[in-house]
Structure formats: C-alpha cells, structure tokens
1. Being touching a residue at least 24 places away in the same chain (Cβ under 8 Å), part of a loop (DSSP other than H, G, I, E, B) and more than 15 Å from the chain's Cα centre (by Cα) is the filter here; which residues of the range 71-92 pass it?
2. So how many residues does the range 61-70 have that are surrounded by 10 or more Cβ atoms within 10 Å (Cβ to Cβ) and part of a loop (DSSP other than H, G, I, E, B)?
3. Anything in the range 1-60 that is β-branched (Val, Ile, Thr) and in a helix (DSSP H, G or I)? List them, or say none.
4. Is it the case that residue 4 is within 16 Å of residue 113 (Cα to Cα) and touching a residue at least 12 places away in the same chain (Cβ under 8 Å)?
5. Does residue 102 meet the test of being out of contact with any Lys or Arg (no Cβ under 6 Å at 6 or more places or on another chain) and over 17 Å from residue 33 (Cβ atoms)?
6. Cβ contacts < 8 Å: first residue under 11 Å from residue 8 (Cβ atoms), restricted to the range 103-126; second residue of a type in the set (Ser, Thr, Tyr), any location; separation 6+ or different chain. Result?
7. Could you grab me the full set of residues in the range 113-129 that are part of a strand (DSSP E or B) and more than 21 Å from residue 92 (Cα to Cα)?
8. Give the residues of the range 93-148 that are over 13 Å from the mean Cα position of the chain (by Cα), small (Gly, Ala, Ser) and either buried (at least 16 other Cβ atoms within 10 Å of the Cβ) or over 22 Å from residue 46 (Cα atoms) (or both), sorted by residue number.
Amino acid sequence: MFRGNSFHNIDSKGRIIIPTRFREVIRRSSIDGLMVSKIDEALVAYTFEEWDKLEERILNLAAKSENMRRFRRFFIGGAFECLCDRQGRILIPQSLRQYAGLEKEIVLVGVLDHFEIWSKKNWEKEEEAFRKDIKNEDMRNEVAALGL
C-alpha cells in the first residue's frame, strides 16, 4: 500500500523519482511501472494490477450515463503506461504534466491503492481546502464514522 507524502522535483525531461517505499510496492507487481491518469488537477498512479481492477469496476458499472461516458473518456483515455527506469524514475508524458501543472516542485501522496502526483502549488491549495472542509459538519461526520 502507498502511504505518506514526499516532496520532490520533476526534471527538465519530465522524469520523477519514485520514493523507495513506493518502489517496493511497485516491485511486488508483475510489471515494474505504473498506469498514470489525471483527475482533480493532479495525477493518479496505479500499479498495473490495481489499474486492471479499476478498469474492471468501471466496465461493470450499471450506469451508462453521459457523465460516466465522459468520465471514462477523460480518465481512461488520458491514461499512460509509465515504466520505471534503472534509477527508479518514471517519465510523465507532456500532456499529463501540463494538465497537473507540473513544472519543478511536486508532491507525491500515498492513498493506499495508488498515489497522487501534485504540483506543489496545487497541493498547497488542496491542503487549504481540506482545512476549511474538515470544519464542515458533514465531513466531520464521515470521518467520525471511521472511528477517528
């Protein structure tokens, strides 16, 4: 599982170093790489096994609404295979870097079955939004339901 966060830089070619603790999770997979897509002004990175499970759930959705068609088009159509190199880096395609605003400083955030790749600027905005939202009673109730 992917947990924790870490601050890194993306190099001029668009490569990012995957933290050792994340690489260990990736190495347990059959393919040394990730499927990377876009959502919420950030990128999401899944092992190939987790991506296969996600695609299966999406395919089996009962809802075939316009919203779901658009989501599939954007999320699945915007996904790329990103294989790890010998230095434990992946190359983020230009279109994904542009979508997420990845320029120099980035943040990798473990979210259990995947991790997210944020520009530092967008991550700071997300943190601020969370600080405000956690004061909302509905959100506090959802978190409390976890036993926290």
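Bear in mind these aren't lab numbers, they're just calculated from the coordinates by the rules spelled out. Every value quoted in this text rests on a predicted model; they were computed, and no experiment measured them. All Cβ positions, even for glycine, are placed from backbone atoms using ideal geometry, and neighbour counts span all protein chains on display.
1. 84, 85, 87, 88, listed by residue number.
2. Number of matching residues: 2.
3. Scanning the range 1-60 gives 20, 25, 26, 58.
4. yes
5. yes
6. 105/119; 106/119; 107/6; 107/119; 108/6
7. If the condition is that a residue be part of a strand (DSSP E or B) and more than 21 Å from residue 92 (Cα to Cα), then no residue fits.
8. Answer for the range 93-148, where residues must be over 13 Å from the mean Cα position of the chain (by Cα), small (Gly, Ala, Ser) and either buried (at least 16 other Cβ atoms within 10 Å of the Cβ) or over 22 Å from residue 46 (Cα atoms) (or both): 129, 144, 145, 147.
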